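Visitor: Here it is, the structure in full.
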Amino acid sequence: MLQHPPAPPVISRSTAVLLMGLLALVTASFYSLAIKWGELFSADALRSGLEFIAGFAPPELAGPFLLKIAGATLETLSMSALSTLIAAALGIALALPASGRMGGALYAITRLMLNVLRSIPELVWASILLIAAGLGPFAGTLALAAHTTGVLGRLFADALENLPPAPETTLRINGATPLAAFCYAALPQILPQLMSYTLYRWENNIRAAAILGVVGAGGLGQMLKYHLSLFQMQQAASVIIAMLLMITVVDGASFWLRRKMTGS
């Protein structure tokens, strides 16, 4: 008996209206922004851009300067690693009530808290915390930790909500405490997923830590801002190359670790 191929999925009316609305929004954006494509690709713009890029060559490779870059790189890595560790610990603590395991009131409060933390960008957090903590990497670390706590807490809470309840319920029926049931049934199921989220946010925090230096939060970003403000383009080029190398190495290491932990 011949089997007919399955019919293609039909787009619902609401989905079609949403797609048309998004298309109209994108189309209107081109007109409202008044983008001057002709000036962007003009001969004068091309010549000015090439002159600006030429000012970065050759990069500064003096030994003392490279040592300063190495110190700033370690500072940026430290900021990102410490902030991610703090955010992961706070995220799992907030994810428990945010997943509905401790009642409706705590669910609403923690969800609101996580939304506030993750809706404020790192640069805004850094600008606020610089007033309290002063210039330097401490304020940058706190800013990254605040934003990342909101992101990881929401992701962890969603992972806990999507867990099948059967293993944990079985342990509870057999006399296990709620904490023991969580540690031995729920946590092992989602631990690879939580670690994958944490490693991915560490990658993002390294990029963000390099940018936070623009507002005085230390690391390579602060070094880059200093040399660009003095129009020391060759030194700035060395800092930019260090940023690219650092992000490339960390991205590769994080991708390898995520694949190992998820078994893919």
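Visitor: Considering (1) of a type outside the set (Lys, Arg); (2) buried (at least 18 other Cβ atoms within 10 Å of the Cβ); (3) over 27 Å from Pro59 (Cβ atoms); (4) out of contact with any Lys or Arg (no Cβ under 6 Å at 6 or more places or on another chain), say which one Ser196 fails and leave the rest.
Guide: Result: Ser196 passes all but (4).
Visitor: Can you find even one residue in the stretch 159-174 that is β-branched (Val, Ile, Thr) and within 30 Å of Val124 (Cα to Cα)?
Guide: First, pick out the residues of the stretch 159-174 that are β-branched (Val, Ile, Thr): 169-170, 173.
Subset that is within 30 Å of Val124 (Cα to Cα): none.
Looking through the stretch 159-174, none of the residues is β-branched (Val, Ile, Thr) and within 30 Å of Val124 (Cα to Cα).
Visitor: Let me ask something else. Are there any pairs, at least 6 apart or on different chains, whose C-beta atoms fall under 7 Å, with the first in the stretch 211-224 and under 9 Å from Thr76 (Cβ atoms) and the second polar (S, T, N, Q), and if so, which?
Guide: Short answer, once both residue conditions are applied: Gly213/Gln222; Gly219/Thr76; Leu220/Thr73; Leu220/Thr76.
Visitor: Related question: With the checklist (1) surrounded by fewer than 20 Cβ atoms within 10 Å (Cβ to Cβ); (2) modelled with pLDDT of 85 or more in hand, flag the one item Tyr184 doesn't pass.
Guide: (2) is the only condition that Tyr184 fails.
Visitor: Continuing with the same structure: List every residue pair whose Cβ atoms sit under 9 Å apart, with the two residues 6 or more apart in sequence or on different chains, where the first one lies in the stretch 88-114 and is touching a residue at least 40 places away in the same chain (Cβ under 8 Å) and the second, anywhere, is of a type in the set (Asp, Glu) and assigned to a helix (DSSP H, G or I).
Guide: So the pair list comes out as Ala95/Asp158; Ala98/Asp158; Ala98/Glu161; Ser99/Asp158; Ser99/Glu161; Gly100/Glu161.
Visitor: Being among the aromatic types (Phe, Trp, Tyr), within 30 Å of Pro59 (Cβ to Cβ) and either in contact (Cβ under 8 Å) with a residue 60 or more places away in the chain or in contact with a Phe, Trp or Tyr (Cβ under 9 Å, 6 or more places away or on another chain) (or both), is that true of even one residue in the stretch 139-156?
Guide: Taking the stretch 139-156 as the starting set, the residues that turn out to be among the aromatic types (Phe, Trp, Tyr) are 156.
Next, only the ones that are within 30 Å of Pro59 (Cβ to Cβ) stay: none.
No, the stretch 139-156 has no match at all.
Visitor: Still on this structure, I have one more. Quickly run through the stretch 138-168 and pick out the residues that are over 23 Å from Ser119 (Cβ atoms), part of a helix (DSSP H, G or I) and in contact with a helix residue (DSSP H, G or I) (Cβ under 8 Å, 6 or more places away or on another chain).
Guide: Across the stretch 138-168, the qualifying residues are Pro167, Glu168.
Visitor: Can you confirm whether the stretch 171-182 contains a residue that is part of a helix (DSSP H, G or I) and hydroxyl-bearing (Ser, Thr, Tyr)? Give the derivation first.
Guide: Residues of the stretch 171-182 that are part of a helix (DSSP H, G or I), as a first pass: 171-173, 178-182.
Of the ones still in play, those that are also hydroxyl-bearing (Ser, Thr, Tyr) are none.
No, the stretch 171-182 contains no residue that is part of a helix (DSSP H, G or I) and hydroxyl-bearing (Ser, Thr, Tyr).
Visitor: Would you point out the residue of the stretch 227-241, among those that are at pLDDT below 85 and assigned to a helix (DSSP H, G or I), that is farthest from Glu60 (Cα to Cα)?
Guide: The qualifying residue farthest from Glu60 (Cα to Cα) is Ser229.
Visitor: Hey, among the residues in the stretch 40-58 that are in contact with a helix residue (DSSP H, G or I) (Cβ under 9 Å, 6 or more places away or on another chain) and in a loop (DSSP other than H, G, I, E, B), which one's surrounded by the most Cβ atoms within 10 Å (Cβ to Cβ)?
Guide: Going through the qualifying residues, I end up with Phe56.
The values are calculated or read from the model by the stated rules, or taken from the named source; none is laboratory data. In this text, all values refer to a predicted model and were calculated from it rather than measured experimentally. With ideal geometry, Cβ positions are generated from the backbone for all residues, glycine too; neighbour counts draw on all protein chains shown.
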